[in-house]
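Here, each number is a calculation from the coordinates, and none is a lab measurement. Quantities reported herein were computed from a predicted structural model and do not represent experimental measurements. Note: ideal-geometry Cβ built from the backbone for every residue, glycine included; neighbour counts use all protein chains shown.
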Amino acid sequence: MRSIRYHIIIGVVAMLALAAPLGLHAQEVRVIPKLERSTIIIGEQVQLNVRVVYPSDQAMRLVLPEDTLVAGVEIIESVLADSVIVNNRLHEMIYNVTITSFDSATYTLRNINALVGDSVYTATDELNLIVNTVPIDLSTSPEPMDIKGQWKPKFVWQDYILYLYILLGIIAALVAAYYLRKYLRDRKNTQEVGSVVVPLQDPYQEAIQSIEALKQQELWEHNQTKEYYTQMTDILRRYLWRVYSIDTMDKTSSEILETFRTKIGKDRMYPELSKILQTADLAKFAKYQPDSDDNISLLSASVAFIEEHKPAKEEPKKEGGEEV
């Protein structure tokens, strides 16, 4: 009998021990709302301050309706304003909730909750918000006012400064267009009357002189390898364009080689041209540094290529088409 009584006492003590923390937590959680002011005018915003005290070992968040606190009262925004450590067991979160209303009435603010752990706690204090209409004082206007005439604002020239700038810009553009047209017309007339047409230099002579000028610059000797190969390939591109009318200026090296192989053939220094263009591409785009032997030999190969494709000179003819 004594043993049974002992076990009953132990069971009661255990149940009380398990229930004590839950009761303690419930007593420690407090949701305290406070209005910045209890009376507003329709459409005016007011701050609802909500303080939540909860155990520090529990997770907590404020739970409010999405956009309407109660019917007629809208929530504009809700922000966490402050966080305070009350003691080693309790924390306090302070929220600022901005609310407003567009209907005059007295509203009891409810639905202010906090989720602490897995439990929802509701504010015990219910606040009243009084919303008034805009007061109209009719005592100062006992009689209806006459309809006033249309009011014309004063002229402010700064309001039209943008249009003035646009007008001046149009005038300036027209004047510039007139003088440009006059200049081009006068220049054309001058060229037609007194200009001397300078014939293009022979493509072979032009290419040889350009190669010689490139050699005199000593670019690769001064670590300007990229510029050296850029000028070298530009000379050959222009030479092919002038001699064979191959459009080389806007084509890649592989496109130039394919056109050359199709139009000229592979037996007229095609391998040399291929090596020059490929080495130049590596030097220009892959930061490849050819050695001095390559720099010299490829320039010599360019000269040999120019010589190989030197255009034949036309025999001068007498009047009537007979050769001299």
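Here are some notes:
- Theoretical gain in end-to-end length, residue 94 to residue 202 [0.36 nm per residue, Cα-Cα removed]: 29.9 nm
- Only alpha carbons enter this Debye calculation for the range 28-132, each as an equal point scatterer, and the log10 of I(q)/I(0) it gives at q = 0.12, 0.18 Å⁻¹ is -0.39, -0.81.
- Label sites at residue 234 and residue 259, each approximated as a point 7 angstrom past Cα along Cα to Cβ, lie 1.8 nm apart.
- Relative exposure of 220, 241, judged by other C-beta atoms within 10 Å (fewest first): 241, 220
- Contact order normalised by residue count of the range 205-312, Cα under 8 Å, 6+ apart, percent: 33
- Label-to-label distance, nm, for residues given as residue 282 and residue 44 (7 Å Cα→Cβ offset): 8.4
- Residues 178, 121, 54 arranged by fewest to most Cβ contacts within 10 Å: 178, 121, 54
- In a fully extended conformation the segment linking residue 28 and residue 161 would gain 41.1 nm over its present Cα-Cα distance, using 0.36 nm per residue.
- Paramagnetic label reach from residue 83 (point 7 Å along Cα→Cβ; backbone nitrogen cut-off under 18 Å): within the range 119-136, no residues.
- Treating r as the C-beta distance of residue 304 and residue 212 and R0 as 22 Å, the FRET efficiency rounds to 0.90.
- Straight-distance candidates among the lysines for linking to residue 310, with alpha-carbon spacing under 18 Å and chain neighbours fewer than 8 residues away dropped: 263, 266.
- Annotation: extensible slack from residue 175 through residue 128 equals 9.6 nm (criterion: 0.36 nm per residue apart, minus Cα-Cα distance).
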